[in-house]
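Everything below concerns the one structure shown next.
The values are calculated or read from the model by the stated rules, or taken from the named source; none is laboratory data. If you're wondering where the values come from, they're calculated on a predicted model, not measured in any experiment. Heads up, the Cβs are rebuilt from the backbone with ideal geometry, glycines too, and the neighbour counts pull from every protein chain shown.
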Amino acid sequence: MTQPVPAAQEQLSEVQHRAVSELLRVSPVADDLARRFEAAGFTLALVGGSVRDALLGRLGNDLDFTTDARPEDVLRLVRPWADAVWEVGIAFGTVGLRKDAHEGAEGAEGGAAQSFQIEVTTYRSEAYDRTSRKPEVSYGDSIEEDLVRRDFTVNAMAVALPAKTFIDPHGGLEDLARRELRTPGAPEASFSDDPLRMMRAARFAAQLGFEVADDVVAAMTAMADRIGIVSAERVRDEFNKLLLSPDPRKGLRLLVDTGLAERVIPEIPALRLERDEHHRHKDVYEHSLTVLEQAMDLEEDGPDLTLRLAAILHDIGKPRTRRFEKDGRVSFHHHEVVGAKMTKKRMTALKYSNELVKDVSRLVELHLRFHGYGTGEWTDSAVRRYVRDAGPLLSRLHKLTRSDCTTRNKKKASALSRAYDGLEERIARLQEQEELDAIRPDLDGNDIMRVLGISPGPEVGQAYKHLLELRLENGPMERDEAVAALKEWWAGREDSF
Ligand SMILES: Nc1ncnc2c1ncn2[C@@H]1O[C@H](COP(=O)(O)OP(=O)(O)OP(=O)(O)O)[C@@H](O)[C@H]1O
């Protein structure tokens, strides 16, 4: 191997430093497990994404291990040690488990509990593809055999435990320091083994911010058709991870530029409408990517798949509805309705849940409604209908609609955002009004008559009004309290005569 240049050397030592502290953090649990395997004559190594993430200083509590022990031995070894064991993946060589650990006395938190999600997979000697659910798996005997079948060099490193021996036969550490995705062997061979890896390249680029090596991009472009043999569920899961990453624009661009998107979600590349010489409309593809990023900026509780799907898909009805009108303008009439139908069709083909398909297509359908608001005052009933039609999607619709403004014209943008502020204020006011309108006293007319032993008459109305005042003033009361308050009011009233 060539010696790293000094700059890379510096990066490597920073990488090593991070890795050491990450490994020390998980060590008590990982070493404990490894000693059990060692005592039984087996090896155990931290592997794949866990090693990559340790080197990047972002290892969480999900740990992946690889071993020469067969699944039935793994089960035997982990059962007495783990807090829970899952056997769902056992036919494919994977045992899942949870280990709850307490930090040692010297731990900064002084005894805080941590829960580790662990997967132990037996060495594979064939294409590493644990989600394709092939009926048979063949196991290997060496870790090198296992690592060469992994997707990218940065995912093909291991740390044998408890000795902490670093195993990196494909130069993953250097690629990680260079932030580059390369395959352990020729990319064409790797993608023939499992075409999903092409999607994974785009996903990791988006997730880690790495560049994809030129030969890998070339193979993705040449072999894009092959993605057709992969199940919709596997494609969807990778697409979701890409979309939920910190930089989905980067991953989506790769999918579109290599032709993978054409096979997987052709509505996105179709957004690249050729603009006419008068540039009468903006580039819908670039606009959609920007809307996606603007929507991400408005997320409050972490990445939101529903919102992100709606943002990237909101204009997919445009290419089909584009008309050049006689007056020289361009129109996209009903693109939101057409887009909602297209969304439903594509998401169903990708095997998304009915719930998500319904939510995303609803947002696509509603994304334009607000534009009617800007043109004139909405009646209260139009505002109520907007709220009712959005239902639980209202806060996402607010975010989508606000992000849908990508104009460079600052005046136009701030007018739109002010109009939306106005709408949100009105919604809040109406909602408050309706909540108040819905408030009833804690006892109704019949209760009042029964408690006071009176018949219908103006006193019942007065008693009702008094209880409503109390309800508005103090909030809900227990029944006993309300009865007592009613009697008190009645006695006070009689006294005043
Ligand atoms: N289709 C595949 N082809 C080759 N190797 C794979 C494949 N899927 C998973 N792997 C290997 O298994 C490891 C774990 O896979 P997984 O899909 O959980 O990704 P990860 O790298 O752990 O990232 P994340 O946890 O964010 O999904 C990978 O790092 C890689 O070594």
> Does ILE227 fit the bill of being of a type outside the set (D, E, K, R), over 20 Å from the mean Cα position of the chain (by Cα) and modelled with pLDDT of 95 or more?
Replying inline: yes
>> Please pick out the residue among THR221, THR183 that is among the hydroxyl-bearing types (Ser, Thr, Tyr) and either more than 12 Å from the ligand (Cβ to nearest atom) or in the same structural domain as ARG124 (by TED's automatic domain parsing) (or both).
In response: THR221
>> Whether any residue in the range 242-253 is of a type in the set (A, V, I, L, M, F, W, C) and closer than 18 Å to SER190 by Cα is what I want to check.
In response: no
> Out of all the residues in the range 186-218, which are more than 18 Å from VAL256 (Cα to Cα) and more than 14 Å from the ligand (Cβ to nearest atom)?
Replying inline: ALA186, GLU188
> Any residue in the range 369-382 that is buried (at least 18 other Cβ atoms within 10 Å of the Cβ), out of contact with any Pro (no Cβ under 6 Å at 6 or more places or on another chain) and more than 29 Å from PRO248 (Cα to Cα)?
Replying inline: yes
> Does ARG402 satisfy the criteria of being within 34 Å of the chain's Cα centre (by Cα) and part of a loop (DSSP other than H, G, I, E, B)?
Replying inline: no
> Among (1) surrounded by fewer than 20 Cβ atoms within 10 Å (Cβ to Cβ); (2) touching a helix residue (DSSP H, G or I) at 6+ places or on another chain (Cβ under 7 Å); (3) over 26 Å from GLN294 (Cβ atoms), where does THR165 come up short?
Replying inline: (2)
> Restricting attention to the range 240-284, which residues are in contact with a Leu (Cβ under 6 Å, 6 or more places away or on another chain) and at pLDDT below 95?
Replying inline: VAL284
> So which residues in the range 30-84 are without any contact (Cβ under 8 Å) to a residue 24 or more places away in the chain, among the aliphatic types (A, V, I, L, M) and either buried (at least 16 other Cβ atoms within 10 Å of the Cβ) or within 16 Å of the ligand (Cβ to nearest atom) (or both), if there are any at all?
Replying inline: LEU75
>> Among the residues in the range 313-329, are any over 21 Å from the mean Cα position of the chain (by Cα) and in a strand (DSSP E or B)?
In response: yes
> Take the residues of the range 124-139 that are at pLDDT 60 or above and within 11 Å of GLY93 (Cα to Cα): which is nearest to the ligand (Cβ to nearest atom)?
Replying inline: ARG124
>> Here is a list: LEU443, LEU436, LEU416. Which entry is within 51 Å of the chain's Cα centre (by Cα) and either touching a residue at least 60 places away in the same chain (Cβ under 8 Å) or over 30 Å from ARG493 (Cα atoms) (or both)?
In response: LEU416
>> When you check GLY171 against the structure, is it in contact with a Lys or Arg (Cβ under 7 Å, 6 or more places away or on another chain), of a type outside the set (A, V, I, L, M, F, W, C) and either at positive phi or away from the ligand (no atom under 13 Å from the Cβ) (or both), yes or no?
In response: no
